[in-house]
Amino acid sequence: MLYREAGDFKTSYQKDSQTFPLKFDRMGYWTVMVVAFLVVPFVINDYWANAVAVPFLIYAIAALGLNILTGYAGQVSLGTGGFMAVGAYACYKLMTMFPEVSMLVHVVLAGGITALVGVLFGLPSLRIKGFYLAVATLAAQFFLVWLFNKVPWFYNYSASGQINAPERTVFGIIVTGPNTEAWAKYLFCLIFVVVLAWIARNLTRGMTGRKWMAIRDMDIAAEIIGVNPLMAKLTAFAVSSFFVGIAGALFFSIYLGAAEVGEAFGIQKSFLILFMIIIGGLGSIFGSFAGAAFMVLMPVFLKNVLVGGLGWPTDLAAHLEFIIVGGLIVVFLILEPHGLAQLWRLTKEKLRLWPFPH
Amino acid sequence: MPDQLLFAIEVTMNGLMAGVLYALVALGFVLIFKASGIFNYAQGVMALFAAMTLVGIQNGQVPFAHLINAVFGTEVHHFGWHVPAILAILLTACVMVLFAWIVERYVLKHLVGQPDIILFMATIGLAYFMEGFGDLMWGADIKKLDVGLPQGGSFWLEENTAWLGGEGFYGFFIDKLDMVATVVAAILVASLVAFSQYTKQGRAMRAVADDHQAALSVGVSLRFIWVLVWSLAGFVALVAGIMWGAKSGVQFSLSLIALKALPVLMLGGFTSIPGAIVGGLIIGVGEKLFEFLIGAPFLGGATENWFAYMLALLFLVFRPQGLFGEKIIERV
């Protein structure tokens, strides 16, 4: 009964075009924000931070990034893992070169470097489309992983070939390294998520986003109505890679602490993030979050139920996870090709009319 | 002849053989893509699944043994019999046909008319499903596949070519299995071409590839053709699985050959069977020669991981439809 426009009068254009037009939605949004910033940091412990909250937040950033490229601009990419690796290694090099600088700067710069690399690998998208592009981005994936494996400069000539996050701070608070508090990790990631989601939302509903969507829907027609495909595609690659790079930097420095490129940023990671945006919903900010939450929570849930609850061996649970993920993707594509975001939209439509649907 | 040149020739020959194996996987892709416009990412996992099933049937493994043991607390592993290779291959082929039918019935039928990219993603989901299912059914350990194919290098060739070079050259080393694979691939391609040219079903298949609606209007059953094509692709996957499995054991990495087949397809063009073969050979030779001449001496090796993709990427920039693909014409 609360969930409707009635009585919620808009008196300016600004109000008319706001993200959450319903008062109920706005209240929900601010509640989530307050809980996320003011409640969760005080109650979070190491298990929840490491198993659920931090991976969810980081994958949400990566999914946002890929969703901008694939969902909004229509350029399918299988190179997300490779771009995350660029972010991670850029962050590592910056962290070890300039130990005094705040982590915030490192992470943002790592995103910027990834954006440059992303533009470079985005160049072929001007000639290549669809599947061909998806396969071409595999070149980025394999080449980047190989590069970080083979050139010792990237991992500072360490004997193991791994990169390890040294202890770095933001305003005097330790955010990386083994001595980090759970709440610090969580808050650091949360700030990035909120800022980036805000950027993504506003980019995608502005001129840039409309150009991307025009290119996605039909690139020739878009070109005819005056969208420059070069600029639109390359900005999509740049922004997307910026997001993915930040996700990679956080994934390595905050979440993993130590990373080996083939294992942490392999082709599996690219697919994982692609699945997130398919299950969540292509071309939707909310979908990126929903997909990330789903793909992070489901293995945790399965593991708790099968291994913890039923006492099955872990490898069985792992196989079942594959089956369920694969099956769900197929089911989603058949039943709801627009993912969880579409379900959410339908729910909202229903809610608006409830309890008198006619 | 100088030794260096002889080594280069040897590398080229081995590259050709590896290329044939890539082409085998790519062939399965082309078959499905031509008939249904679906880019079947699951082809590699199908090869893995086929090889696993073959080994499982051959050794008399109990399917889902691990799961059964975990749920009921029993200790079952094997039925205790050995199935002859030929019979096991036939049974596996039946399993692949069954699989094709299930895929058509429960997945493809519901996705008719969806954009290509959705279908592509559905096959990725399918690949994940099969990977988990195969592991659950037959266990995830590395298995040895032995259907009586010859193994090891050919001593005859080595002895008879050693005189070509100097002290450091011991003759060309070529795996016997690669030679068998080449012969099998040639037979397979010839029979596929013959099938699609001279049989009723083959002609129907080509009609569907040409135009779905026109084929429907002259009474070709689309669904039957899809089952047929997926079965054929399953059979090709079985052959590829046998070859790769005999070469390097049946294990998870087998499914990654699908990724290697992608650049092969891009080079050759998605719609062309000769393209798959030529593309496979180019990639096979290209990556081996590049590794030998440039990768290993100057770049620290393991360039095979990305060379194929880079080559395909550069190639596509100049010719987006591949070597033999149909020209892409876009209309607004």
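Since every read-out is calculated from the coordinates, none of them should be taken as a lab result. Remember, it's a predicted structure, so these values are computed and weren't measured experimentally. Note: ideal-geometry Cβ built from the backbone for every residue, glycine included; neighbour counts use all protein chains shown.
Among the GluC sites (Glu not before Pro) within segment B:234-332, which fall in a DSSP loop and have no more than 12 other Cβ atoms within 10 Å of their own Cβ?
Here the GluC sites (Glu not before Pro) that fit, given the DSSP loop and packing criteria, are B:GLU326, B:GLU330.
Along the three principal axes, how long is segment B:39-266 when you take its alpha carbons, biggest first, rounded to the nearest angstrom?
Each principal axis gives a Cα extent; for segment B:39-266 these are 67, 53, 31 Å.
For the protein assembly as shown, compute Rg over Rh where Rg is the Cα radius of gyration and Rh is the Kirkwood radius from the inverse mean 1/r over Cα pairs.
Value, to two decimals: 0.98.
Could you compute how fast segment B:179-272 diffuses translationally, taking Rh as the Kirkwood radius over C-alpha pairs and applying Stokes-Einstein at 37 °C with viscosity 0.692 mPa s? Give it in µm² per second.
217
Please identify, among A:ALA36, A:ALA63, A:ALA258, the residue showing maximal mean-square fluctuation in a Gaussian network model of chain A using a 10 angstrom Cα cutoff.
It is A:ALA36.
Please get the size of the charge dipole for chain A, origin at its Cα centre, with Cβ charges of +1 on Lys and Arg and -1 on Asp and Glu, quoted in debye to the nearest 20.
840
Determine the dipole magnitude for the protein assembly as shown: charges of +1 sit on the beta-carbon of Lys and Arg, -1 on that of Asp and Glu, nothing else is charged, the reference point is the Cα centre, and the result goes in debye to the nearest 20.
The calculated dipole for the protein assembly as shown is roughly 2200 debye.
If you plug each phi of segment B:238-253 into the Karplus form 6.51 cos²θ - 1.76 cosθ + 1.60 with θ = phi - 60°, what whole-Hz ³J(HN,Hα) values come out, in order, with x for Gly and Pro?
Running phi through 6.51 cos²θ - 1.76 cosθ + 1.60 with θ = phi - 60° gives 4, 4, 4, x, 4, 5, 5, x, 5, 6, 10, x, 8, 8, 4, 4 Hz.
Using a Gaussian network for chain A with springs between C-alpha atoms less than 10 Å apart, which of these wobbles most: A:PHE98, A:PHE192, A:PHE154?
A:PHE98
Can you list the HN-Hα couplings for segment B:274-288, worked out from phi with the Karplus curve (6.51, -1.76, 1.60; θ = phi - 60°), rounded to whole Hz and with x for Gly and Pro?
Couplings: x, x, 4, 5, 5, x, x, 5, 4, 5, x, 5, x, 6, 5 Hz.
From the mean inverse distance of alpha carbon pairs (Kirkwood) and the Cα radius of gyration, derive Rg over Rh for chain A.
With Rg and the Kirkwood Rh in hand, the quotient comes to 0.98.
Work from the charge dipole of chain B (Cβ charges, +1 for Lys and Arg, -1 for Asp and Glu, about the Cα centre) and give the residue of B:ALA233, B:GLN61, B:GLN114 farthest towards its positive end.
Highest projection toward the positive end goes to B:GLN114.
Would you please give the residues with an amide H less than 5 Å from that of B:THR271, counting only those at least 5 places away or on a separate chain, with H modeled from the backbone geometry?
For B:THR271, whose amide H was placed from the backbone, the distant partners under 5 Å are B:GLU326.
Among the aspartates and glutamates, which have Cα under 14 Å from the Cα of A:LYS303 when same-chain residues fewer than 8 positions away are ignored?
A:ASP315, A:GLU321
Can you give me the relative contact order of chain B as a percent, contacts being Cα pairs under 8 Å and 6 or more apart?
Relative contact order comes out at 34 percent.
If we count other beta carbons within 10 Å of each Cβ, what is the order of B:CYS94, A:CYS189, A:CYS91, fewest first?
Placing the least packed residue first, the sequence is B:CYS94, A:CYS189, A:CYS91.
I'd like the FRET efficiency for B:GLN201 and B:HIS82, computed as 1/(1 + (r/R0)^6) with the beta carbon distance as r and R0 of 22 Å, rounded to 0.05.
Calculated transfer efficiency: 0.05.
Residue farthest toward the positive end of the dipole of segment A:52-271, with Cβ of Lys/Arg at +1 and Asp/Glu at -1: which of A:ALA136, A:SER241, A:GLY79?
Going by the charge dipole, the pick is A:ALA136.
How high is the relative contact order of segment A:96-225, in percent, with contacts defined as C-alpha pairs under 8 Å that are six or more residues apart?
16
Could you work out which residue, out of A:TYR59, A:TYR92, A:TYR157, moves most in a Gaussian network model of chain A, that is, has the largest mean-square fluctuation with Cα springs under 10 Å?
A:TYR157
Peptide B:297-306: average number of partner chain Cβ atoms within 10 Å per residue?
Going residue by residue through B:297-306 and averaging, the value is 4.
Just going by the charge dipole of chain A, with Lys and Arg at +1 and Asp and Glu at -1 on Cβ, which of A:ALA317, A:PHE289, A:THR169 is farthest out on the positive end?
Projecting each Cα onto the dipole axis, the largest value belongs to A:PHE289.
With label points built 7 Å along Cα→Cβ from the Cα atoms of A:GLU260 and A:LYS348, find their separation and express it in nm.
4.5
Taking the Cα centre of chain B as the origin, how large is its charge dipole in debye, to the nearest 20, when only Lys and Arg (+1) and Asp and Glu (-1) carry charge on their Cβ atoms?
The dipole of chain B has a size of about 1180 debye.
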